[in-house]
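To start, the structure under review is shown below, and the notes come after it.
The values are calculated or read from the model by the stated rules, or taken from the named source; none is laboratory data. Source: prediction; values computed, not measured. Cβ coordinates were reconstructed from backbone atoms using ideal geometry, including for glycine residues, and neighbour counts include every protein chain displayed.
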Amino acid sequence: MPLSTQSQSGNDEYILVASLDNARNLSNILKAISFKDHAIFNVTQNGLKVTIEDSKCLQANAFIQADIFQEFTLKEDVVGFQVNLTVLLDCLTIFGGSTVPGVNTALRMCYNGYGYPLTLFLEEGGVVTVCKINTQEPEELIDFDFCSTNVTNKVILQSDSLKEAFSELDMTSEVLQLTMSPSHPYFRLSTFGNSGNAHYDYPKDSDMMELFQCTKTQTNRYKMSLLKPSTKALALSCKVSVRTDGRGFLSLQYLVRNDDGQICFVEYYCCPDEEVESNE
Amino acid sequence: MDCVTTGGNVKVLAKAIHSLSRIGEELYLEPVEDGLTLRAVNSSRSAFACFLLSPLFFQRYQTPSDQMFRCKMPIRSMLTVFRSLSSLERSVEKCRIELNSKRSRLTVTLHCRHGLLKTHNLSFQDCESLQAVFDKDSYANILRAQPRLWVDTVLHFPPSLEEVNVSVNGERVWLRNHVEDDADTSRAMMTELCLSSEEFDHFALSSQTSITFCLKEFRGLLVFAESSGLPVSMHFDEPGSPVVLSVSDTVLEANFVLATLSEDSHQRNHNNNKAERPQALPEPDDFMSDDMDSYLIAMETSDLAGPSHEPVTASCSTNHRARLPSEGDDDEEEDEESLDRPPNKKFCSLFFGSVLPVSSQLTNQTVQSQEVLASDSEDERQEE
């Protein structure tokens, strides 16, 4: 069906219509959390929240606010559905995902409600593609119960320095150990691999450290396999906030600027590896 | 032990390690008074590489005070530390290598921009000294050229090419790919390059000769030479005698010692070849018999290595090696004996025997000198 017959009359049927002049503003940020197939969409008047979970220990969320979209119409308070994120990304980049400046894929994303597919209209250079992706009942999301009042340690770092550390992490180590402390070593990432152990120390007065608020010394270990996917989000971001709470749960929040300079957020929550308890 | 490198030398150190990783799987590290030595040897013991970084290379150089320290570790452990050359160049200000003997760890600390500190505590194993005995100054032929020339030359050979033949005659050098006897020469692609003596910084030949050695390991040295911009010297003698490729400047010296194909198999290749070749080699002598090809390299396992030792000759045939008389077996010898060699491999290995130094500076070693073969039972009675 040609795009024009859908455009005006079609809007009345859909409970969600979201349009972007540049589909990359959605696809890039979704790639940052695409380590599993199934993603849960939670749409409110504020915008789009896309969640991926792994083994009940890791949760990644991407937030794309309503004002990022050129058009954002939601006829209900909350809309939720689950789709295959890999398929969605393949559709969003169906025109090849080239980065020729000035040539963008335009997107209109439409959803009719429970039981209907997610419909994507993609246009580039006069060519239109229509994709319909089946949706599923959204699974129950884990509530990590991570709230700011329980945060014991928090730092905000410029992403560049962490990018280097993460790209060099010893992958033969099963865990990534994070030490945060008001005293030396302040902020330390450690690995324990086949050739020995390695530590990456960031001093609190480093010019890469934008904020340093650590109240007590905590050392926690997280499974490397769970945290490795977060490097995609790190690669896109310009700043990252690292927080741990009293239980040793980790929150990583990434500030991502899209092609148009607008700000979106990606966050990762991770449970500590059970074998090591945090030090008080 | 405490060595500190700063600035551009960190990248040089990293390049040396990358270069050694093309030779062998293990890195042998030994700080001596002359400097820090980093060595590697390949599994068939036909290639040996050694970097000597003099104390001037370092901002601080301190050898262990108590005793001779030497260790080996899988080279990939060190490669992990120095993996990205571009990021080393960009962000590392200082590199410190310390021995933490209590915990038997070698600690490599990289001080980076923005206050970032990367600390690697690497485990290592104690080992015997790995030292090839060679005297490149005694070799008859020397060629020296800018690394660019060598790099441009080997570029013409496919990366899969194992062995290259270098022939010299008067004013010219030919490089050819080496084709095995049994290969079908009508199907093989033959590549030949000719360089005139003018292209070399130094061209000193005492005889026409033709040697064949492994290209892969030569490329390992070129990796280092190209980035350092230092001229590469090639020292060689007759076939069977190793070729020594080296670079040096005021603060470092690198030597790659590669075995070459021995004379008899080499002659056969020449006869098979239809292309015009420079006259081969000195007339055959006793060395041509199977049992008596000469070694000119022996690997020492004692800690008293030195280049002034007489090269040790031992028997070597193309398919098996006899053992030198030795007083103490060591791991390397046993490894060599158990190596499963393909039957038609014609390289003479750099024999890794335990050669006993004849110098009187033997320290508290309990090994006997070679002259004594067996003690008399009469002596024992006399001692009582």
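Tabulated results
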read-out	value
Residue count for the stretch A:74-124, restricted to those that are β-branched (V, I, T), under 23 Å from the mean Cα position of the chain (by Cα) and surrounded by fewer than 17 Cβ atoms within 10 Å (Cβ to Cβ)	5
Residue check, A:K36 assigned to a loop (DSSP other than H, G, I, E, B) and either of a type outside the set (V, I, T) or within 29 Å of A:L226 (Cα to Cα) (or both)	yes
Residue match in the stretch B:177-190 (condition: farther than 25 Å from B:V223 by Cβ, away from every other protein chain (no Cβ under 14 Å) and not in a loop (DSSP other than H, G, I, E, B))	no
Search result, residues across the stretch B:1-41 that are buried (at least 22 other Cβ atoms within 10 Å of the Cβ) and among the polar types (S, T, N, Q)	B:T5, B:S19
Set A:V127, A:V151, A:V155: member being at pLDDT 90 or above, buried (at least 16 other Cβ atoms within 10 Å of the Cβ) and more than 30 Å from B:N121 (Cα to Cα)	A:V151
Residue match in the stretch B:18-35 (condition: part of a helix (DSSP H, G or I) and within 21 Å of B:T119 (Cα to Cα))	yes
Which listed residue, of A:V100, A:V78, A:V83, is out of contact with any Cys (no Cβ under 8 Å at 6 or more places or on another chain), at pLDDT 95 or above and not aromatic (F, W, Y)	A:V83
Some residue of the stretch B:116-127 being away from chain A (no Cβ under 14 Å) and surrounded by 14 or more Cβ atoms within 10 Å (Cβ to Cβ)	yes
In the stretch B:49-86, residue farthest from the other protein chains (Cβ to nearest Cβ) [restricted to those that are under 24 Å from B:R22 (Cβ atoms) and charged (D, E, K, R)]	B:R70
Only listed residue being more than 26 Å from B:R76 (Cβ to Cβ) and at pLDDT 90 or above, chosen from B:R172, B:R144	B:R144
Candidate set from the stretch A:130-148 (those that are over 22 Å from A:N61 (Cβ atoms) and surrounded by 14 or more Cβ atoms within 10 Å (Cβ to Cβ)); member that is nearest to the other protein chains (Cβ to nearest Cβ)	A:C131
Subset tally (residues that are over 14 Å from A:I15 (Cβ atoms), out of contact with any strand residue (DSSP E or B) (no Cβ under 6 Å at 6 or more places or on another chain) and touching a residue at least 40 places away in the same chain (Cβ under 8 Å)) for the stretch A:100-119	1
Identity of the residue in the stretch B:88-97, farther than 12 Å from B:N9 by Cα and surrounded by 16 or more Cβ atoms within 10 Å (Cβ to Cβ), that ends up farthest from the other protein chains (Cβ to nearest Cβ)	B:I97
Tally of residues being more than 18 Å from A:D67 (Cβ to Cβ) and of a type in the set (D, E) across the stretch A:11-36	2
Unmet requirement for A:K163, which otherwise passes all of (1) within 14 Å of chain B (Cβ to nearest Cβ); (2) part of a helix (DSSP H, G or I); (3) free of Cβ contacts under 8 Å to residues at least 24 places away in the same chain	(3)
Odd one out for B:S167, checked against (1) of a type outside the set (A, V, I, L, M); (2) touching a Pro at 6+ places or on another chain (Cβ under 8 Å); (3) away from every other protein chain (no Cβ under 13 Å); (4) closer than 30 Å to A:Q158 by Cα	(4)
Matching strands (runs of 3 or more DSSP E) fully within the stretch A:174-280 where at least 1 residues are away from every other protein chain (no Cβ under 14 Å) and crowded, with 18+ Cβ neighbours inside 10 Å	A:175-180, A:209-214, A:218-223, A:237-245, A:250-257, A:263-270
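Residue-wise test of (1) in the same structural domain as B:E162 (by the TED database); (2) modelled with pLDDT under 90; (3) out of contact with any helix residue (DSSP H, G or I) (no Cβ under 9 Å at 6 or more places or on another chain); (4) over 30 Å from A:F187 (Cβ atoms).
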residue: B:T37; (1), (2), (3), (4): no, no, yes, yes
residue: B:M68; (1), (2), (3), (4): no, yes, yes, yes
residue: B:R83; (1), (2), (3), (4): no, yes, no, no
residue: B:E93; (1), (2), (3), (4): no, no, no, no
residue: B:E98; (1), (2), (3), (4): no, no, yes, no
residue: B:S101; (1), (2), (3), (4): no, yes, yes, no
residue: B:S104; (1), (2), (3), (4): no, yes, yes, no
residue: B:V108; (1), (2), (3), (4): no, no, no, no
residue: B:C112; (1), (2), (3), (4): no, no, no, no
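Residues are listed down the side, and each one gets a yes or a no for (1) over 19 Å from the mean Cα position of the chain (by Cα); (2) within 15 Å of B:S246 (Cα to Cα):
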residue: B:R105; (1), (2): yes, no
residue: B:T109; (1), (2): yes, no
residue: B:D126; (1), (2): yes, no
residue: B:F134; (1), (2): no, yes
residue: B:R144; (1), (2): no, yes
residue: B:R148; (1), (2): yes, yes
residue: B:L155; (1), (2): yes, no
